[in-house]
Amino acid sequence: KGASLSGLSGIPPIRGHFIRPLIDVKREEIERYATDEGIDFVIDSTNKTYKYLRNSVRLSLIPFLAEKYNRSVKETLARTARVLAFDDAFIDGAADEAFSALIERGKGYLALDRLKTLSLHRAVSARVFLKALGRFDPASASDLSSAHVEAFHAVVDGLSPSASMRLPGGIVLRREYVRVIISRGAPVKRTPFEKTLKVPGRTVIPGCGAFVAEVLNKRPKPLAAGADTIYLDLDEAGSGLALRPVIPGDRIVPFGMTGHKKVKDILIDAKVPRHKRQSIPLLLKGGDVIWVPGVRRSDLFRVTGKTARVLKVVWAGREG
């Protein structure tokens, strides 16, 4: 039916808390010992029914192979299983070592470092993928097939930085540039919005964060602007500053440049994952994009030596 090394190597003598001391002893030896020692034993009646595939293999297929092809087929299969068990243990150990070096655990997700995953042998990276799914959702991991492993490698190896795939149990695997994320369900769709920035004051956008605007009567030295803070010439900007999501066609004149650039390209260059782009509100004046919070500001309304009043706006994290 198709199996990995773990499946082909059979049940090990020791697995977790379970120990099977007679697993390598032939049935005939056990029955002969029980008879010689006068030990009563019971045979499970279901062992002789063809209802179960394992019984059909044992009662029909193995005898057929022994008669037509190899009288020692049982011994041959047992030796092969032992060799595969050694190989399986080696790969599993390598996967354990790699797993701890490239896994990141967050709230509701697991992430694999894509570049480190690419550097692994495919046998090891496949096992790392299975281990990650097993940690995230053991029940769903049991439903994985070789097709899922091949699809995982396609997501990791492919050219698309936003590739994704669905896995059993409602789990989604998606690539975010340098990471491969395992999470549950599809990304939340944001409700369209457009809000006027309160100046001064706090403007909250559920799911996208809060913006705190403050009016300064003198130019701060230095302008401690970061990715989440912008300073504007308030008299130049005036009133009517607004916040809304990115829409197709939005353009910005990046700070220090003269030409326009698509906001979409700005976000791609900054490696912002596609599913997060709608959670970044733009700050606008009319139809002009002033700021892509956390990413890039425009050349509009910048503070100069002639600025009398400064508007400081801070993107205070994501809320909701």
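Given a 10 angstrom Cα cut-off, can you work out which residue in LEU282, LEU77, LEU120 is the most mobile in a GNM of the chain?
It is LEU77.
Okay, helix-only estimate at 222 nm for the chain: each DSSP H run of n ≥ 4 adds -39500 (n - 2.57), divide by all residues, round to 500 deg cm²/dmol; what do you get?
One gets -9000 deg cm²/dmol as the mean residue ellipticity at 222 nm.
When all protein chains stay in place, what accessible area (Å², nearest 10, 1.4 Å probe) is found for GLU194?
About 140 Å², ignoring ligands and nucleic acids.
[x] 24.7; [y] 18.0; [z] 15.9: which one is mean projected area of the Cα convex hull in nm² as calculated from this entry?
The listed entry that was calculated here is [x].
Straight-line reach from LYS74: which lysines fall under 27 Å, measuring Cα to Cα and dropping same-chain residues less than 8 apart?
LYS1, LYS26, LYS48, LYS51
Charges on Cβ only, +1 for Lys and Arg, -1 for Asp and Glu, centred on the Cα centroid of the chain; of PRO281, HIS121, PHE86, which one is farthest towards the dipole's positive end?
Result: PRO281, furthest along the dipole toward the positive end.
Of ASN217, VAL314, GLY158, which is farthest along the charge dipole of the chain in the positive direction, counting Lys and Arg as +1 and Asp and Glu as -1 at C-beta?
Positive-most Cα among the choices belongs to ASN217.
May I ask you to list the lysines whose Cα is less than 22 Å away from that of LYS264, ignoring any residue fewer than eight positions away on the same chain?
Output for LYS264: LYS189, LYS195, LYS276, LYS285.
Between region 61-103 and region 241-320, what's the alpha-carbon centroid distance in Å?
Between the Cα centre of region 61-103 and that of region 241-320, the gap is 58 Å.
Please find the FRET efficiency linking GLU104 to THR35, where r is the Cβ-Cβ separation and R0 is fixed at 45 Å, and quote it to the nearest 0.05.
That gives a FRET efficiency of 0.15.
When the chain is fully extended, how far beyond the present Cα-Cα distance does ARG20 get from ALA308, taking 0.36 nm per residue of separation?
Here the answer is 95.4 nm.
Build a GNM of the chain with springs between Cα atoms under 10 Å: which of ILE11, ILE230, ILE280 gets the top mean-square fluctuation?
Evaluated over the chain, the most mobile residue of the options is ILE11.
The values are calculated or read from the model by the stated rules, or taken from the named source; none is laboratory data. Everything numeric in this text was worked out from a predicted model, so none of it was measured. Every residue, glycine as well, gets a Cβ built from its backbone with ideal geometry; the counts of neighbours run over all protein chains shown. Side chains are part of the model used for accessible areas, which takes the heavy atoms of the whole protein and leaves out ligands, DNA and RNA. Shrake-Rupley method; radii C 1.70, N 1.55, O 1.52, S 1.80 Å.
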